[in-house]
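So the structure is just underneath, and the comments pick up after that.
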Amino acid sequence: MKHVKDEGIQNADRFRTPPQLTKDQCDAAIVHVLKQIDGNLEIFTDQFPDIVSTNLRYTPADNYEWTPGFWTGMLWLAYEVTGDEKYRRAAEIQLSSFKKRADEQIGTETHDLGFLYSLSCVAAYKLTGNEEAKQTALRAADLLMTRYLDQAGIIQAWGSLSNPKQRGRMIIDCLLNLPLLYWAAEITQNQAYFDAAATHAKQAAAYLIREDASSFHTYYMDVDTGAPLYGKTAQGFSDDSCWSRGQAWAVYGFPLNFIYIQDPELIDLTKKVTNYFINRLPNDYVCHWDLIFTSGSELRDSSAAAIAVCGIMELNKHLSAADPYKAIYENAASSILLSLMDNYSTVSTPESNGLLLHGVYSKPLNAGVDECCLWGDYFYFEALVRATRDWKLYW
Ligand code: GLY
C-alpha cells in the first residue's frame, strides 16, 4: 500500500475526557426515533421516504433512488430494538418492492445496490432467515458484479458502462456497497464476489485516498489499461478539497472491508483517515459539509457526522486495548453523537418527520441543502443502537 501520512490527533486534549453521554440519554433518543418512525409508518409502508426532506418533511417516493434501503434498514433496527412485529411486517412488505426492482432492473445501473440490498434483504435474511430475501440479495449482488471492470479492478459507480463520462469512475462511497459481495461469497461459496470486492477496496485505498490521508470523492481509471487517471469531486467544494461525507464513507467503509479481508493495513489506513476527519471538527464536533471548512458559518453535514460515528465505533472494535488512539476515538465518537442528539435531533422540531436536521446532499447542485437526509437518519439510529447494545451488522 502507498505511503499515507498520519497527522495524529492534533488537539488530543479535546478528547481526553469522556463526554457526559449515558445509556439513558441514548435510550431517550431512541424513544424519539421510534416515535418518528411510528408517525411515518402508515405512509411509508408501500412507498418510501424521498432521498431528502423538503422543508424538513419527507414526501413519498417509489423505490428508484439509492436511498430506500435506509428506510427499510431503520424498520429492521426498530424491530430489533423493540421486538414489535409491526416493524417486521412493514419491512417485509417492502421486500417485494426490492425484489421487483432487482428482477426488472429498475434503476440498477448503479453501485448503490449494496446500500439498497444489505439494509433490506440481507438484513431480512440475517434476522429472520427469509429465503426469498436471500435470493433477491443474491440477484442484486450479481447485478453489482456486472459493474466490475476487470482491467481497472474497480466497480464503476454511476451510469451505464458505456457512458464515456462515467466510464471507469469509482467513488469513495462504494466501500459500503462491497459487504453485499462479501456476503454473497459466503452464501454461495463463490470466491469471485470476494475477489472483486477485495480488489476494489484495495484500488480505493490506493487511489481515492491521497497521501495526506484526505480523500477524493471520485477517481477515474483507464478501463482498458487499468492505469490510474485523475481524481474529481462531484459533491465536494473542489477537486482537491475533502468532501466530508466522502471522508466519513472512508472512516466507516474501510473497517467494514477489514471484517472480511482481515488485512491490518486497512485498519492502519482507517486510523489515518479518521485522524484527518477528527482534526477538522468544529467546536460542536459536527463537520461542515466539506472539511476545507473548519470554523465559521458554512453549513454542517449531520449525515456525515452520523456515518463517522458508526465508522469510529466499528474501527474501535478492531483496535487492541493498548492502542493509544482507542480512548480518543471512543471519546470522539461519543462527543459527535452527543452533539447530534443535543443540537441536531428533530426532538424539538415537531414539524419535521425526519430524525436529524442540518444534512447536506449536494451543495454544488443545491439539492437537499440543510435538510434531513434518509441515510443520515439511518446512521444516526444505527449509532444509537451500537451505543446501547451489542449489535450484529447487516453490512
Ligand atoms: N452516496 C451518495 C452520497 O453520499 O451522497
Under 27 Å Cα-Cα from residue 2, which lysines qualify once same-chain neighbours fewer than 8 residues away are excluded?
202, 232, 271, 272, 317, 326
Residues with amide H under 5 Å of residue 213's amide H, sequence separation 5 or more or different chain, H placed in the peptide plane at 1.01 Å from N; which?
5
Phi angles of the range 287-292, converted by Karplus (6.51 cos²θ - 1.76 cosθ + 1.60, θ = phi - 60°) into ³J(HN,Hα) in whole Hz with x for Gly and Pro, give 5, 5, 5, 9, 6, 5
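Of all the stretches in the chain, which is the longest one without any exposed loop site, taking GluC sites (Glu not before Pro) in a DSSP loop (any state but H, G, I, E, B) with at most 11 other Cβ atoms within 10 Å? It would help to have the intermediate numbers written out before the result.
Values: sites that count: 42, 211, 351.
Longest gap between qualifying sites, sites excluded: 43-210.
How much FRET efficiency would the formula 1/(1 + (r/R0)^6) give for residue 232 and residue 211, where r is the Cβ-Cβ distance and R0 is 22 Å, rounded to 0.05? Each step should come with its number before you reach the end.
Details: r = 17 Å, r/R0 = 0.79.
The value I calculate is 0.80.
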Looking only at trypsin sites (Lys or Arg not before Pro) in DSSP loops with at most 15 other Cβ atoms within 10 Å, what is the longest site-free stretch of the chain?
166-388
Need the full-extension length gain, residue 367 to residue 27, defined as separation in residues times 0.36 nm minus the C-alpha distance. One decimal, nm.
119.2 nm
Using the Kirkwood radius over Cα pairs of the chain, the Stokes-Einstein translational diffusion coefficient at 10 °C and 1.306 mPa s, in µm²/s and rounded to a whole number, is 76 µm²/s
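Which ordering of 173, 212 is given by a fewest-first count of other beta-carbon atoms within 10 Å?
Ranked by crowding around the Cβ, least crowded first: 212, 173.
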Which far-off residues, 5 or more places away or on another chain, put their amide H under 5 Å from the one on residue 61, with H placed in the peptide plane?
48, 50
Find how many whole Å separate the alpha carbon centroid of the range 173-203 from the alpha carbon centroid of the range 33-92.
27 Å
What is the chain's relative contact order, in percent, from Cα pairs under 8 angstrom and six or more apart in sequence?
20 percent
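Restricting to DSSP H runs of at least four residues, report the calculated mean residue ellipticity at 222 nm for the chain, -39500 (n - 2.57) per run over all residues, nearest 500 deg cm²/dmol. Show your work: numbers first, answer last.
Numbers: 13 runs with 181 residues, N = 395.
So the helix-based figure for the chain works out to -15000 deg cm²/dmol.
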Give the calculated FRET efficiency between residue 265 and residue 163 to the nearest 0.05, with a Förster radius of 35 Å applied to their Cβ-Cβ distance.
0.60
Whichever lysines have a C-alpha closer than 19 Å to that of residue 134, once near sequence neighbours (fewer than 8 apart) are set aside
99, 100, 126, 392
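Values in this text are rule-based calculations from the coordinates and carry no lab data. Every value quoted in this text rests on a predicted model; they were computed, and no experiment measured them. Glycine also receives a Cβ, built like all others from the backbone with ideal geometry; neighbour counts cover every protein chain displayed.
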